[in-house]
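Notes follow once the structure below has been shown.
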Amino acid sequence: MTYILESLITKKAANGTSTYEPISSVWEGNDGDLLEEMFKFYATIPPEPILDATYNAGRFWKGSTRDVVSMDIDPKYKPMIVGDNRKMKGVPSAKFGIVVYDPPHVGPQGRDKSRKRFDVDFGATMECGGDQDWSLSYLYPDFLKQAKRVLKPDGLLLAKITDMVNNHRSKWPHCDFMRMAEDAGFTVCDLIVKIRKGPMVSTKWKTAHHARKRHCFWIICRNGDNCER
Ligand SMILES: C[S@@+](CC[C@H](N)C(=O)[O-])C[C@H]1O[C@@H](n2cnc3c(N)ncnc32)[C@H](O)[C@@H]1O
């Protein structure tokens, strides 16, 4: 069997067909298309079922036929599982081929109407003040523990993380996430920079002190010891 496989690979190469199909480290399209590319490139086990642990309006899956189980802490989005992804109460272990995570990346922005809209659109509802060191990275360790539990061996965790400025300081949650994922027993395989057309803006911001971020990161982690396929 090994021999047949090897000869097939050799034959393909001998025919001049390249088997080298890399994925770019920079993505300028939408998240749904990138997710499909990542499934194709990184998955070594069947991706489905997929758990979207921060479903919100489910924008990632518009037009998709994937078998997605939706989870959100906020019942107003009507996910299949209303629950905290740091607990994943009732979710069976070793069930999913992929877990997708797109946590809030800014804290609540205030009380007036325009800011409320911002909070809803960006899922900015979790506390992010002095008690949390002005960062949302405290959400990650408990989530990572659960993601590892509900993923099958060699399953993938795909996390969309955006850095932020809070309380006049740059915060680097993508670094926190990668370190915490390794601590939780994942292998961090890759980091893809996703570019969007316009920067995020808020009516609250009057003076620019930092580069206006027009990118976020997708972090690819495997529930296993290595990344090479
Ligand atoms: C940035 S939004 C996700 C957007 C989503 N990917 C989409 O494309 O529509 C973040 C979501 O995470 C949810 N969330 C925040 N903390 C959570 C937690 N601990 N457990 C489950 N969901 C949580 C929020 O309610 C919010 O809907």
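Please treat every number below as a calculation from the coordinates, not as lab data. All values derive from a computational prediction rather than experimental measurement. Virtual Cβ from ideal backbone geometry, glycine too; neighbours counted across all protein chains shown.
Taking a threshold of 20 Å on the Cα-Cα distance, which of the pairs Lys78/Lys204; Lys76/Lys145; Lys160/Lys197; Lys89/Lys148; Lys145/Lys194; Lys87/Lys145 fall above it?
Among Lys78/Lys204; Lys76/Lys145; Lys160/Lys197; Lys89/Lys148; Lys145/Lys194; Lys87/Lys145, the Cα-Cα distance tops 20 Å for Lys78/Lys204; Lys76/Lys145; Lys145/Lys194.
Kirkwood Rh, Cα Rg: Rg to Rh for segment 30-74?
0.96
Could you give me the ³J(HN,Hα) list for segment 83-88, computed from phi with Karplus coefficients 6.51, -1.76, 1.60 and θ = phi - 60°, whole Hz, x at Gly and Pro?
x, 8, 6, 8, 10, 6
State the extension gain, in nm to one decimal, for the chain segment bounded by Asp84 and Met126, taking 0.36 nm per residue of separation less the distance between their alpha-carbons.
Contour length minus the Cα-Cα distance gives 14.0 nm.
Rounded to the nearest 0.05, what FRET efficiency do Val193 and Ala57 give with R0 = 25 Å and r taken as the Cβ-Cβ distance? Could you check?
Using R0 = 25 Å, I get an efficiency of 0.55.
Around Lys171, under 13 Å between beta carbons, what's the net of Lys plus Arg minus Asp minus Glu among the other residues?
-1
Whose amide H sits under 5 Å from the amide H of His215, counting only residues 5 or more places off or on another chain, with H placed in the peptide plane?
Arg196
Would you mind classifying segment 165-229 by shape? Square roots of the alpha carbon gyration tensor eigenvalues, ordered a ≥ b ≥ c; an a/c under 1.5 is rounded, otherwise it is prolate if a/b is larger than b/c and oblate if not.
Prolate is the answer for segment 165-229, as a/c is 1.5 or above and a/b outweighs b/c.
Arg66 to Lys206: FRET efficiency via 1/(1 + (r/R0)^6), r the Cβ-Cβ distance, R0 30 Å, to the nearest 0.05?
0.10
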